[in-house]
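First up is the structure itself, then whatever we jot down about it.
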Amino acid sequence: MLIIIGQSLISGILMGGIYALVSIGLTLIFGVMNVVNFAHGEFLMIAMYLTFWVFHYLQIDPYVSLLIVAPALFLIGVVTQRYLIQHLIQAEHYTQIFATVGLSTIMANAALFFWKADYRMVKTPYMSSTLTFSDLVVSYPRLISFLVAIGITVLLFLFLKHTYLGRAIRATAQDNTGAKLMGVNINRVYIFTFGLGSACVGVAGALLMPIYYAFPTVGLHFVLTAFVVVVLGGMGNITGALFGGLVIGVVEAFSGFFISPELKEAVYFVIFVLVLLVKPSGLFGLTKG
């Protein structure tokens, strides 16, 4: 039993790192712009397909393709923000929801039209490799994905805390009017922030390809999980998103094994509802007015 618990814990933590990286991009955008991007999952889907095509045509390893996929998603995010999201920042929340849900539908159906409903996955020499510690087995691709995800998260945290642009982003998130009066170009901050959040989900998409498969609606599962993680950790709170991702990963692993794989999403949605009832602002209590 201890081995089963340990194995489930390791699996949950490793997957939780990916959930955290997907969620950090979402919570960063909300924290700065007060916009919930319901097309965030489709950005992940695009990143996964890009990783697949780069591997298929250029024979570039998925982890190396991060150097291509992340900048590509950054540019896609910049264009999306400039020509769509920018016009929604001062809009009512229901307008933001309809617009981003519409974008999500367009992207998913475009992917279905051009790439069909086939499941696509990269096959690498190490995809079945494992590391063994005592009686515990650790998937090599999942371990690499977890370490890269945590590394990217730490770098993002350091960037926001110790660089001028990072401080400008934090100032805009705290008080965009005050930041504007202090000389911060908040429109450029918005553009960069949306691009950065999209790049984060681009990294997550590349990390997922050796352990998951791409199809037009793949983003739906991950974006629902990301919303749970973001609300659980506190909307706009990067540290909370990291913690929430790890918690949801562990809960999913344990419930999938000890209850039922079909009910694992239901379990963490029950936790999600309970947290909202007890502490609506999330565990870390950061809210955005």
(message) Yes or no: the range 132-152 includes at least one residue that is over 28 Å from GLY282 (Cα atoms), in a loop (DSSP other than H, G, I, E, B) and in contact with a helix residue (DSSP H, G or I) (Cβ under 7 Å, 6 or more places away or on another chain).
(response) yes
(request) Sort through GLU42, GLU92 and tell me the only one that's in contact (Cβ under 8 Å) with a residue 12 or more places away in the chain, charged (D, E, K, R) and either surrounded by fewer than 22 Cβ atoms within 10 Å (Cβ to Cβ) or touching a Gly at 6+ places or on another chain (Cβ under 7 Å) (or both). (result) GLU42
(request) Output the residues belonging to the range 181-203 that are touching a Phe, Trp or Tyr at 6+ places or on another chain (Cβ under 8 Å) and either of a type outside the set (Gly, Ala, Ser) or more than 20 Å from LEU165 (Cβ to Cβ) (or both). (result) LEU196, VAL201
(request) Taking LEU232 as meeting all but one of (1) of a type outside the set (Lys, Arg); (2) modelled with pLDDT of 80 or more; (3) closer than 18 Å to CYS200 by Cα; (4) crowded, with 20+ Cβ neighbours inside 10 Å, write down the number of the exception. (result) (3)
(request) Answer yes or no as to whether GLY166 is in a helix (DSSP H, G or I), surrounded by 19 or more Cβ atoms within 10 Å (Cβ to Cβ) and small (Gly, Ala, Ser). (result) no
(message) Condition (residue is more than 30 Å from TYR57 (Cα to Cα) and under 21 Å from the mean Cα position of the chain (by Cα)) applied to the range 135-154: is it met by at least one residue?
(response) yes
(request) Please list, ordered by first then second residue, the pairs with beta carbon atoms under 6 Å, 6 or more apart or interchain, first in the range 212-237 and more than 26 Å from LEU160 (Cα to Cα) and of a type outside the set (Phe, Trp, Tyr), second at pLDDT 85 or above and not in a helix (DSSP H, G or I). (result) ALA214/ARG120
(message) Take LYS161 and tell me if it is among the basic types (Lys, Arg) and more than 22 Å from the chain's Cα centre (by Cα).
(response) no
(request) Look through VAL78, VAL64 and report the one residue that is closer than 21 Å to TYR190 by Cα and of a type in the set (A, V, I, L, M). (result) VAL78
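The values are calculated or read from the model by the stated rules, or taken from the named source; none is laboratory data. Worth saying up front: this structure is predicted, and the values here are computed from it rather than measured. Counting neighbours? That spans all protein chains shown, and the Cβs are built from the backbone with ideal geometry, glycine included.
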